[in-house]
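What follows is a single structure, written as structure tokens, with notes after it.
Just so you know, all these numbers are worked out from the coordinates, no wet-lab data involved. None of these values were measured; they are calculated from a predicted model. Here the Cβ is made from the backbone with ideal geometry for all residues, glycine too, and neighbour counts use every protein chain on show.
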Amino acid sequence: MALKGAQALACIARQRSPFLSSTNHYLNLRFYHPPSFTSHSNRQAGTINQIRAIQGATVDPLTPNKEQQKEASPEPENWKIKMLYDGDCPLCMREVNMLRERNKQYGTIKFVDIGSDEYSPEENQGLDYKTVMGRIHAILSDGTVVTDVEAFRRLYEQVGLGWVYAITKYEPIATVADAVYGVWAKFRLQITGRPPLEEILETRRKNKVGTRNTAIIKFLCFLVKYVGTAMLVRCELS
């Protein structure tokens, strides 16, 4: 009975007070949420597109390509030591990238990729590809060539990390460190899953021959085209 009496009073109040009736109508409109007609497939497609966009924008910071490296860290003009490195060695490149990052502050190291087509032994104290592939080489600004652990120590000193290899200045630590590095250098290609050095050298030789032959063919084609055009012009003029 009490509930029915309350409902009756509320009904009478709404009839006598248009304000309450309009307020109730306003609230119904204000908080009304129409049903969503977005299908599950559309939502799923939107989620997939977002994931693809994130994947497309993701870049591996540990393995930048060679062009990105050159643009990000231009070689210093007044370098104090030149590091000759194997750009195709994944483990070596981790250390090279770390030194590059540090070198942005110091500008004392010049990095030279021995695997580049632009590498010239004549510009690097006569050190050819095969020699440098055997063990690490660095060249001081006065032309002095340093190898093995000493090369690492000199490089680290130039970027404020000399303390890492400081102990290798003294015997017998220096001899032991060089021996350990010698083992790593001997099996470096096998450890990193690359073919033997002889096979790499043969592949490089074939690539150079192929590149040279391609250049010769392009030149001959240009020459034939030039001669043919010249003869055609001559015939038209005569």
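Summary table
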item: All positions within the range 134-143 that are more than 27 Å from the chain's Cα centre (by Cα) and within 16 Å of Val112 (Cβ to Cβ); result: Leu140, Ser141, Gly143
item: Residue count, the range 144-173 (criterion: more than 31 Å from the chain's Cα centre (by Cα) and surrounded by 12 or more Cβ atoms within 10 Å (Cβ to Cβ)); result: 3
item: Among residues of the range 98-116, those that are in contact (Cβ under 8 Å) with a residue 40 or more places away in the chain and among the acidic types (Asp, Glu), counted; result: 1
item: In the range 192-208, the residues that are surrounded by fewer than 11 Cβ atoms within 10 Å (Cβ to Cβ) and closer than 29 Å to Thr168 by Cβ; result: Gly193
